[in-house]
Amino acid sequence: MPRFVGRRAEQQKFRAWLRQPGPGTRVVSVTGSGGMGKTTLLMRFFHLARREGHEVVWLDGRDMLPTPEGFLRRLTPAYRQWEQLSASGVKRIILVDNYESIFPLDSWLRHQWLASCPAEDVLIIFASRKFLLDAWRWDAVWQARVVNWELPPFSAGEVRAYFAMRRIHGDAQALTIPAHQGIPLALALVSDVWHAYKHRPGHVDHLMSQGLGGRLFQEVDEELADVLAALALTPRAQRDILQFISNRSLSRDTYHRLAGLSFVRRTARGLTLHDAIRPYVLRALQTRDAERYRQTEQRVLAWLVGQWQSADRDQVAQDLLNLVSARLAPMNHYANLAVTTPDLSIGSMTRGEREAVVGMVEDWVRQPLPVTHGSPTQLLDQLLQHFPESLQTVRGDRPYPLAILGVVEWTRRTIDVLYPFSPEFLRTVSQVVPPAQRADSLLMVLVGFDHSDVRYPQPVIMGYLVRQFLATANGRRLMGLSTDPAFKPLLRRLGFQAIPLDAVYHDGTEELFILDLRQSNIVEWATDVLGYTPAPAAGGLDASLVREVLDHLWDMSLLRETAWCRLTGLTPEEFQRWLLAQLEQFRQFRPEVAVWIDEAYVDPRFEVDARARARHISRATYYRRLNQAVDTFVRFLAPRPWPTTPS
């Protein structure tokens, strides 16, 4: 019996393109609400094409930064330069799941990456909840090549076929059919629950009445509660990672049972929860078991800190941002940072949206760039003319923008263009943060919000905009003016430093908020925001243990007596070799921090006063900075196993 049910029309169109000699290059948008089977269908396409000997590339928008560099890093060199592809007659299929996550690249994909794409034998399929290719339909090059395949719920016949495949027959189907309304994910959940509780039909009835809510997934397998909590806060995880995060042994059988759940997906990087289910798991954890949530969050953070040096930093940065957003989501009524807004998307503003955006920016009383000369509309037009890539609009499920965000690179050219609108403000900010030749800083300059759509209240939209602003933070310095007393506490909680200004309003409300992440220290930012407390295995690790061994690093008789060396059971020579190896890795991770430890403990050539004078700081400031460096080293060591055998 086949393991794939439904979607015959889409499969027939896909096979027809594969079997057609020299078919024209096409772009297909596969759309449907969460749980409608988009990813499953793309996987079906993947295997069908592979089986017939064609080249297939799989990309997941969530696994990359929404930048050209982040996208190209996921491709083989041949697909970065289309001219390098051989004219072999082999068809090439590129499948992009979760296109919403990289929608800011829409214009770049169309005009640059695909500019030299062959006119034949290439099929690109984007999967997203909503149709996002409107700009392609207006593009003279692509308009005839774009088609949308919207996935409807299963028909009654497909529902019966699915249940038959899952060995649910007769009266059992009548019991379960009203609860799911033909949504494939719901069908899968119903099937899982039915097989787990088929001897308790009353309990099944009760669970079905709750739809996709909290208890439905929890009741599938009570034994997996800790592991599901770990998976809810982890983007993707293999068995060993889940064991570390859930703090429990995970047998292969349990891991395979977890992988077999209908709302858990297998990916190249491990297991992941279905997007439509993750919000329910997070909400249940935060409201019903806050302590388990906190412990799981800390262990996920410890794992990500350990991944920073060895893994894909772009992805780790995104994962850290997701973790921070999940924690801070309910804390501020002005901007809700919840990640559970899958029906929203953000992308480059089009000129056709100008009419709707003008009203938003004019209604926003105090713009991040105070417009003291001219109007916000004139500022908008200048940005459209000189920096169109700086403007992004938020869209829902209707054909009009819900909000606008304008963020520019802080360069001399930017200041020259914007200076006529806000000379006093830009002159003051330039004194605080002189513009650099290399664009390593971003300034928020424009924002607007549509108050007419009651489905998206201001906290949801503002939280989404803040999240997008933070998404650009890795390796950058973010800057923005705020005068709103409701917004400032959230910015401070996010680690922004506030600098009082008196450039425009002269009422004591102006503060320039700066978050400086230029030194690859998004890890330190996340650990500070989340209040990370290092707590590795046996005995626990804290700064006092580390300072003690650093103080006696070169005296074997004293090092032997330190608490940490005694806990490991190593000789002082073995322990010293291990700790120096960790310091070497730390130098690669945070060289600007490691230098403080090196000059104080590893190679202390000068007295403290001389070191402080060389840095033009006081003795007290020197010790404060040194203590901060040791604390950062502790966070680096926290997720790493302690040495118990000779290195």
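What the phi angles of segment 564-578 give under the Karplus curve with 6.51, -1.76 and 1.60, with θ = phi - 60°, is a coupling list of 5, 4, 5, 5, 7, x, 8, 6, x, 5, 5, 5, 4, 4, 5 Hz, glycine and proline written as x. The listed residues 277, 241 rank as 241, 277 when sorted by accessible area, largest first, using a 1.4 Å probe.
Less than 5 angstrom separates the built amide H of residue 149 from those of 29, 30, 31, all sequence-distant by 5 or more or on a different chain. Taking only the Cα atoms of segment 423-489, the radius of gyration and Dmax are 14.5, 44 Å. Along its principal axes, segment 550-647 has C-alpha extents of 43, 28, 18 angstrom, given from the largest down.
Residue 413 exposes around 140 Å² of accessible area when a 1.4 Å probe is run over every protein chain in place.
Heavy-atom accessible surface of residue 47, to the nearest 10 Å², is about 100 Å², with a 1.4 Å probe and all protein chains retained. About its Cα centre, segment 28-102 has a charge dipole of approximately 200 debye under the convention of +1 per Lys or Arg Cβ and -1 per Asp or Glu Cβ, with nothing else charged. Annotation: peptides 54-67, 352-365, ranked by per-residue average of other Cβ atoms within 10 Å with the highest first, follow the order 54-67, 352-365.
The phi torsions of segment 121-135, fed into the Karplus equation with coefficients 6.51, -1.76 and 1.60 and a -60° offset, translate into couplings of 6, 10, 10, 10, 10, 9, 10, 7, 6, 10, 6, 10, 9, 4, 5 Hz, rounded to whole numbers, with Gly and Pro shown as x. When each of the peptides 137-143, 546-552 is scored by how many other beta carbons lie within 10 Å of its residues on average, the order from highest to lowest is 546-552, 137-143.
Per-residue Karplus couplings for segment 112-117, computed as 6.51 cos²θ - 1.76 cosθ + 1.60 with θ equal to phi - 60°, are listed in order as 10, 4, 8, 4, 10, 5 Hz, Gly and Pro entered as x. Near the amide H of residue 267, within less than 5 Å, lie the amide hydrogens of 272, all on another chain or at least 5 residues away, with H placed in the peptide plane. Apply the a/c threshold of 1.5 to the C-alpha gyration tensor of segment 360-489 and tell me whether it is rounded, prolate or oblate. Prolate. In terms of the Cα gyration tensor, with a ≥ b ≥ c the square roots of its eigenvalues, is segment 1-152 rounded because a/c is under 1.5, prolate because a/b exceeds b/c, or oblate? Note, shape of segment 1-152 comes out rounded.
Taking all protein chains as shown and a probe of 1.4 angstrom, residue 464 keeps an accessible surface of around 30 Å². The length gained on full extension between residue 148 and residue 356, counted as 0.36 nm times the residue separation minus their Cα-Cα distance, comes to 72.3 nm. If R0 equals 25 Å, the separation of the Cβ atoms of residue 573 and residue 606 corresponds to a calculated FRET efficiency of about 0.40. Based on the Kirkwood approach, the hydrodynamic radius assigned to segment 1-70 is 14.1 Å, with every pair of different Cα atoms included. With the simple spin-label model, which puts each label point 7 Å out from Cα in the Cβ direction, the residue 378 to residue 267 separation comes to 4.8 nm.
The values are calculated or read from the model by the stated rules, or taken from the named source; none is laboratory data. The structure presented is a predicted model; accordingly, all values stated were derived computationally and were not measured. In this analysis, Cβ positions are derived from the backbone assuming ideal geometry, glycine residues included, and neighbour counts consider all displayed protein chains. When the accessible area is computed, the model is the full protein with side chains, heavy atoms only, and any ligands, DNA or RNA have been set aside. Shrake-Rupley method; radii C 1.70, N 1.55, O 1.52, S 1.80 Å.
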